[in-house]
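Written out below as structure tokens is the structure these notes cover.
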Amino acid sequence: MGPESGVSIPSPPRNPSSLSWVNLSGNLILAYQSLGVVYGDLSTSPLYVYSSTFIGNLQDHQNEDAIFGAFSLIFWTLTLIPLLKYVFIMLGADDSGEGGTFALYSLLCRHAKFSLLPNQQAADEELSAYKYGPSMQVATGSPLKRFLEKHKALRTALLVVVLFGASMVIGDGVLTPAISVLSSVSGLQVTEKKLASGEIVVLACVILVGLFALQHFGTRRVAFMFAPIVIIWLVSIFSIGLYNIIFWNPKIVRAISPYYIIKFFRETGKDGWFSLGGILLSVTGTEAMFADLGHFTALSIRLAFAFVVYPCLVVQYMGQAAFLSRNPQKVLNSFYDSIPGPVFWPIFVIATLATIVGSQAIITATFSLIKQCHALGCFPRVKVVHTSKHILGQIYIPEINWILMILTLAITIGFRSTTLIGNAYGLACITVMFITTFLMALVVTFVWQKSVLLAAMFLVFFWFSEGVYLSAALMKVPQGGWVPLVLSVIFMLVMYIWHYGTRKKYNFDLHNKVSLKWLLGLGPSLGIVRVPGIGLIYSELATGVPAIFSHFVTNLPAFHKVLVFVCVKSVPVPYVSPEERFLIGRVCPRPYRMYRCIVRYGYKDIQRDDGDFEDQLIQSISEFIQMEAGDAQFCSSESSSYDGRLAVISSRTIQSSSSLIVTEREDCDGIESIQSSKSLMLQSLRSAYPDDENPGVRRRHVRFEVAASPGMDTGVREELMDLIEAKEAGVAYIMGHSYVKARRSSSYLKKLVIDMGYSFLRKNCRGPSVALNIPHINLIEVGMIYYV
């Protein structure tokens, strides 16, 4: 979820003092916006922390010393984890401005050979985003780095750890709405008309259904209210906390001293350790500070937390503790009981709105995370809907939304208690923090190129701090803590089975490539009739000719005059600029008219259906043809391998030096495009089915002509003319319709994973042609069986 309203910052003046003021004002605006996006979850924790801490093992220790000790633990937990770890350290480990678990993994994959992504090339390392961070040529001799790169099992284990962390974040997407909304509406139990527990659950479920049902509209229409809601909420809890400190027990200020923590454990013993699972809930939502970094700046998030969120939370927890020290019997609904009577209803309304904002943030973050998992080849293809034309990253995934809703309702109805849901929620959050600490220690060593000793000190300090909470949270597994573990195992199995099957399928393609010698032996005609038109052959291979091509050629007597092998792939960077997206090359000598196009996307890039891919491809190939003719490196060695020599074709280069004349026309009914096709059958089909999804949409039709240039080589002109004629004749998309099966000699486990797990996921996810926005009217599928 990104900043919801555009920020227009004037161009910076030359005066240095004015420049710093503009930067500061821009960061202050972003800090304001971040309150509604990043801190909704963290700021609503006071609703349930004290009740989750004292209900259970500490029921016999509800006295002033125990309450003072609990506040001291909350204060130092807020100081050590969100403030010290995230604000001062983690926010500096961004990947081209992006944060989160996958950003850390992406950094590691680029600075060390940890990546398990297929079809990676040396050309990917030339991307501008790839070079983000310290120079990668310094720390090549690290023994630890060589050891990890050498053993594939360790790299696989690292991916499993990352996937487990991602699965826990998805678990947060289920648990956050449940605990937040249920805890906010539970305030109705302290009113004069006390609602029963069942009525509270029904009300919470109604709100949750409404929250998930409205996701497909996006948040752009109401998002401008998010930051004001959270600010009003923070000011309210600060004011109530300050009132409670002064009115009930000003001595609570002394509890900031760590001495009260020692006193707490001395009195409560083992019961105090068990209660840390409740204290842990005070920092749930902290991971959002790092995960949502890409929508803001590190400075803006630091300013918002250090000067607004942190003081408000500390004063609120202190005020609640002051209230409880005089009213220990009211620990069940301590937040609502501590509110002065005249302001109860306004606070109740704003609390409900704040929990909805916090839930909205984590739901949107879950959509974004699943999109990243898919980009890294670790999640089945799902429908991604863009809910905003103006704000990048505003996406909605229908299947995931309804799965989250069903799971959230099941947990709300099944547990009916914020304490039990809190046990599950705390375990999910601390596990994500624990994994993030481990990945961060690797980043300190391999990316920041600091000593292993410094990374070990960071790891030991924070693992010890978080390990204490993790051990307490694990003790709550029988009382609800099993939920995130079960959800994570299910999601991780789905991710790993998809990743495993995809890699096996890719390896099959890699080992069954068509021999270039065989193609060259067939001659420019390939031993068949070359008909007018362009054939776009989609494959995951970045080099070589896929097996589906030979399968197609041997079964059909004709093929298109111009062939382009297209590979759409992900690279371990957040974004690839449009200027660097296309790699163009040849597969065979010039008379064959066979080219390769590699389209590269980052793990946070959105593949939009712009409708002009064909036009961009034609312009890119024509630019490559002219570049090749004028570049001695491409022309010097006819004997060297054609396949593998690629050039980055920038859109800026095309606009400035192309010899093609481009004319554009827009129409509403598609008549022009129908008439331009030479196939009568295609004309009739297009007339019958003009556009299933967007009837009457304005389409941009582009016509190409070769510019009159006396100095142009005859062979180049002839090749450009063939390219344009083929485009006018029509474009066909050829894809493999694959069936993946395990070999008969495979183990029973592998057969179970491939024949049942992977096949089930492939049958029930979106097809590759739909995911790549390929028009069905132009699609040709070639059936193939993969025995892996």
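Modelled spin labels at Leu752 and Leu522, positioned 7 Å past Cα toward Cβ, are 4.3 nm from each other.
Residues whose amide H comes within less than 5 Å of that of Val545, counting only those at least five positions distant or on another chain, are Val514 (H built at 1.01 Å from N in the peptide plane).
For the pairs Lys371/Lys751; Lys85/Lys371; Lys383/Lys505; Lys194/Lys330; Lys131/Lys383; Lys113/Lys569, flag any whose C-alpha to C-alpha distance is greater than 25 Å. The answer is Lys371/Lys751; Lys85/Lys371; Lys131/Lys383. Only lysines eight or more places from Lys270 in sequence, or on another chain, were considered; those with a Cα closer than 16 Å are Lys476.
For Lys727, the lysines whose Cα falls under 16 Å of its own Cα, not counting residues fewer than eight places away in the same chain, are Lys561, Lys678.
Averaged per residue, what accessible area in Å² does the range 179-278 show with a 1.4 Å probe, protein chains only? Each step should come with its number before you reach the end.
Working: 4910 Å² over 100 residues.
Spelled out: the 1.4 Å probe surface of the range 179-278, per residue, equals 49 Å².
Where the accessible area of the range 401-480 is counted over protein heavy atoms with a 1.4 Å probe, how much of it, in %, is carbon and sulfur? About 80 percent, which is the carbon plus sulfur part of the accessible surface. The distance linking the range 332-355 with the range 532-576 is 61 Å (Cα centroid to Cα centroid, whole angstrom).
Would you tally the net charge around His111, using a Cβ to Cβ cut-off of less than 15 Å, leaving His111 out, and scoring K and R as +1, D and E as -1? Walk me through the numbers on the way to the answer.
Working: positive: Arg110, Lys113, Lys131, Lys145, Arg146, Arg155, Lys450; negative: Asp94, Asp95, Asp124, Glu125, Glu149.
Residues near His111 contribute +2 overall.
Taking every protein chain into account, the accessible area of the range 442-503 amounts to 46 square angstrom per residue (probe 1.4 Å). All other residues whose Cβ lies under 14 angstrom from that of Leu47 are scored, Lys and Arg at +1 and Asp and Glu at -1, for a net of -2. Once backbone amide H atoms are built at 1.01 Å from N, Ile395 has Thr387 as its partners under 5 Å, excluding neighbours fewer than 5 places away on the same chain. Carbon-plus-sulfur accessible fraction, the range 547-620 (probe radius 1.4 Å, protein heavy atoms only): 50%. Rounded to the nearest Hz, the phi-derived 3J(HN,Hα) couplings of the range 452-460 under the Karplus curve 6.51 cos²θ - 1.76 cosθ + 1.60 (θ = phi - 60°) are 4, 4, 5, 5, 5, 4, 4, 5, 5, where x marks glycine and proline. Protein heavy-atom accessible surface, 1.4 Å probe, per residue over the range 25-145: 31 Å².
Each 5 Å bin from zero holds the following percent of Cα-Cα pairs in the range 493-554: 3, 15, 21, 22, 15, 10, 6, 4, 3, 1.
Stokes-Einstein at 20 °C, 1.002 mPa s, Kirkwood radius from Cα pairs: D for the range 564-613 in µm² s⁻¹? Write out the running numbers ahead of the final one.
Details: Rh = 12.1 Å.
Answer from the Stokes-Einstein relation: 178 µm²/s.
The portion of the accessible surface of the range 263-372 made up by carbon and sulfur, rounded to a whole percent, is 69 (1.4 Å probe; DNA, RNA and ligands excluded).
Proximity of backbone amide H atoms, modeled 1.01 Å from N, is registered between Gly736 and Val782 at under 5 Å, excluding neighbours fewer than 5 places apart on the same chain. Ranked by the mean number of other Cβ atoms within 10 Å per residue, highest first, peptides 156-168, 80-92 order as 156-168, 80-92.
The values are calculated or read from the model by the stated rules, or taken from the named source; none is laboratory data. Just so it is clear, the structure is predicted and the values come from calculations on it, not from any experiment. Ideal geometry is used to build each Cβ from the backbone, glycine not excepted, and the neighbour counts take in all protein chains shown. Protein only, heavy atoms only, side chains kept; ligands, DNA and RNA dropped before computing areas. Shrake-Rupley method; radii C 1.70, N 1.55, O 1.52, S 1.80 Å.
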